[in-house]
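Participant: Can you read through this structure? Questions will come right after.
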Amino acid sequence: MAAAGSAVGLGNVWRFPYITGKYGGAAFVLIYLAVVVVIGMSVMLAELAIGRKAKLDAVGSFRKLMGGAWPIVGWMGFFCGFVILSYYAVIAGWTMAYMFKSFGGLMGEAAAGKAGDVFGAFVSDPVLTVVYLCVVMAVVIGVVYRGISGGIEKSCKVLMPALFGILIILIIRSVTLPGATEGLRFYLLPDFSKVSGEGVLAAVGQGFFSLSLGMGIMITYGSYLGNHENMPHMTRIIVCLDTAVAIMAGLVIFPAVFAFGVDAGAGPGLTFVTLPIVFSKMPMGGFFSFAFFALLFIAAFTSAISLFEVVVTYSIDELHWSRAKSAIVMGLAITLLGVPSALSVGGHIPQIFGKDFLDAADFVTNNVVMPLGGMLIALFVGWFWTKGATDEVTNNGELNFKYYTAWLWICRVIAPLCIALIFINGLKW
Ligand code: TRP
């Protein structure tokens, strides 16, 4: 449940719809599903196996199991955790702001067709966005500082069903809007002429981001697992839950996008512009809006904790810092790095070669470092630590893991080859 809590977050509700909108809808969704089932599930199982065997953080696990240059994969994870959290906290801050806006004028303005203006005004407020970033980081630092992330698993058990419930209500509202069919067509009827190499790379990046893969988080969670747990089964559950939430979020967003004439390729603001309009067309819209953004905030928060745990665990294990020092020093550094992201969406700082700072941070981690990390992890279990991995995923032969051969060859050849090809064809700034 804690791993599912790490996986389900802004990636599903904020990032998935806007990336799907940007890369053409249904065809992208199909590619995404294929990526998740073939590459995502295999890499997740590989990460869990590595962690459960070594019982250490990612850097330590690679060092213990193989040594050589392998711990670099762990350091890549440290880098990703650091950079992703810096902008993730910015978006989590938006979610918090929208929670409070639900009872302000948000419903009225959205009903008057001004949801885009509200969003634009909010993200271009340099003080407010930075203050929200600091508030979110303060809470994240506080929880990790005191090492109380134990409550995370419990909160997931309540939170996730609630998030599911409210998404179902929203889907019903959204698909019954006049003009919703056009959106369903965009989201569900694939037009493969829209597929590009860049889009396929984006699908891989989104798959890794949404499942929290490629940077050793699942290695850390694997290290907490007992030796008799059925990891292939666990992997299926996490992947299904995470994917279900993403698909459901799309079913809310796209019918509404087309019904209200929002631009599907609007970028990072898509969810924040579209949802308030949906809420404004519902009885008790303010209440639903508040409940939804509160749940999304908690989902984002559990993910943010998992990102920060990676950074903090590494500095404890590798730099030999105390937990308190790690949480505070790293937390402050991440908050500082978040400031340009927070300011960039409103256009307050110059772009980096045509990308907002936030987009640039997102691009480097999701489209470059994480797929590379996933590829190395797959190669590691496929070729270097194969016997150990085999014993681990089958609980020393106790389990009958039907897809073992498929998994092995995906790790050996298919996943690394796909990722390499996608890099060659799709890596464009
Ligand atoms: N998976 C989370 C989401 O979808 C984000 C996240 C948490 C993450 N931990 C991660 C992404 C580790 C990559 C790696 O919102």
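Participant: What number of residues within region 194-211 satisfy the criterion of being among the polar types (S, T, N, Q) and modelled with pLDDT of 90 or more?
Facilitator: Step one: of region 194-211, the residues among the polar types (S, T, N, Q) are 196, 206, 210.
Adding the requirement that they be modelled with pLDDT of 90 or more leaves 206, 210.
Total meeting the criteria: 2.
Participant: Go through region 89-109 residue by residue and tally those that are open to solvent by 10 Å² or more (accessible area, probe 1.4 Å) and under 10 Å from residue 338 (Cβ atoms).
Facilitator: Count: 0.
Participant: Taking residue 247 and the conditions (1) within 13 Å of the ligand (Cβ to nearest atom); (2) surrounded by fewer than 20 Cβ atoms within 10 Å (Cβ to Cβ), which numbered condition does it fall short on, given that it satisfies the others?
Facilitator: With (1) within 13 Å of the ligand (Cβ to nearest atom); (2) surrounded by fewer than 20 Cβ atoms within 10 Å (Cβ to Cβ) applied to residue 247, the lone miss is (1).
Participant: Sticking with this structure for a sec: Out of curiosity, is residue 338 surrounded by 14 or more Cβ atoms within 10 Å (Cβ to Cβ), small (Gly, Ala, Ser) and within 16 Å of the ligand (Cβ to nearest atom)?
Facilitator: yes
Participant: Being within 23 Å of the chain's Cα centre (by Cα), of a type outside the set (Ser, Thr, Tyr), within 25 Å of residue 68 (Cα to Cα) and in a helix (DSSP H, G or I), is that true of even one residue in region 345-368?
Facilitator: yes
Participant: When both residues are 6+ apart or on different chains and their Cβ atoms are under 7 Å apart, which pairs have a first residue that lies in region 162-175 and is within 13 Å of residue 13 (Cα to Cα), and a second that is small (Gly, Ala, Ser) and open to solvent by less than 30 Å² (accessible area, probe 1.4 Å)?
Facilitator: Correct list of pairs: 163/299; 166/291; 167/249.
Participant: Just to be sure I understand, how many residues within region 165-189 are surrounded by fewer than 17 Cβ atoms within 10 Å (Cβ to Cβ) and not in a helix (DSSP H, G or I)?
Facilitator: So the answer is 4.
Participant: State the number of residues belonging to region 193-240 that are within 16 Å of the ligand (Cβ to nearest atom) and either on the phi > 0 side of the Ramachandran plot or not in a helix (DSSP H, G or I) (or both).
Facilitator: Within region 193-240, residues that are within 16 Å of the ligand (Cβ to nearest atom) and either on the phi > 0 side of the Ramachandran plot or not in a helix (DSSP H, G or I) (or both) number 8.
For every residue, the table says whether it meets (1) of a type in the set (Phe, Trp, Tyr); (2) over 21 Å from residue 42 (Cβ atoms).
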site	(1), (2)
333	no, yes
346	no, yes
373	no, no
382	no, no
385	yes, no
403	yes, no
407	yes, no
410	no, no
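Participant: With 78, 16, 62 as the choices, which residue is within 16 Å of the ligand (Cβ to nearest atom), modelled with pLDDT under 95 and part of a helix (DSSP H, G or I)? Steps first, please.
Facilitator: Values: 16 fails: modelled with pLDDT under 95; 62 fails: within 16 Å of the ligand (Cβ to nearest atom).
Just a single option satisfies the conditions, and that option is 78.
Participant: Quick test for you: out of 266, 291, pick the one residue that is of a type in the set (A, V, I, L, M, F, W, C), assigned to a helix (DSSP H, G or I) and under 28 Å from residue 109 (Cβ atoms). Write out each step before concluding.
Facilitator: Working: 266 fails: assigned to a helix (DSSP H, G or I).
Matching residue, one of 266, 291: 291.
Participant: Here's something else I'd like to know. Give me a count of the residues in region 405-429 that are free of Cβ contacts under 8 Å to residues at least 24 places away in the same chain and of a type in the set (Val, Ile, Thr).
Facilitator: Selection size over region 405-429: 2.
To keep it simple, each residue is scored yes or no on (1) more than 11 Å from the ligand (Cβ to nearest atom); (2) at pLDDT below 90; (3) hydrophobic (A, V, I, L, M, F, W, C).
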{"residue": "29", "(1), (2), (3)": "yes, no, yes"}
{"residue": "34", "(1), (2), (3)": "yes, no, yes"}
{"residue": "37", "(1), (2), (3)": "yes, no, yes"}
{"residue": "47", "(1), (2), (3)": "no, no, no"}
{"residue": "52", "(1), (2), (3)": "yes, no, no"}
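Participant: Look at residue 315 and say whether it is away from the ligand (no atom under 16 Å from the Cβ), polar (S, T, N, Q) and closer than 30 Å to residue 168 by Cβ.
Facilitator: no
Participant: Moving on. Filter region 121-136 for residues that are touching a residue at least 24 places away in the same chain (Cβ under 8 Å) and under 15 Å from residue 106 (Cα atoms) and give the result.
Facilitator: Answer for region 121-136, where residues must be touching a residue at least 24 places away in the same chain (Cβ under 8 Å) and under 15 Å from residue 106 (Cα atoms): 122, 123.
Participant: Filtering region 1-36 down to residues that are hydroxyl-bearing (Ser, Thr, Tyr) and under 21 Å from residue 419 (Cα atoms), which residue is surrounded by the fewest Cβ atoms within 10 Å (Cβ to Cβ)?
Facilitator: Across region 1-36, the extreme among qualifying residues is 23.
The values are calculated or read from the model by the stated rules, or taken from the named source; none is laboratory data. Keep in mind that what you see is a predicted model, and the values were worked out from it rather than measured. Because the Cβ atoms are built from the backbone with ideal geometry, glycine has one as well, and the counts that use them run over all protein chains shown. Areas reflect the complete protein model, heavy atoms only, side chains present, ligands, DNA and RNA absent. Shrake-Rupley method; radii C 1.70, N 1.55, O 1.52, S 1.80 Å.
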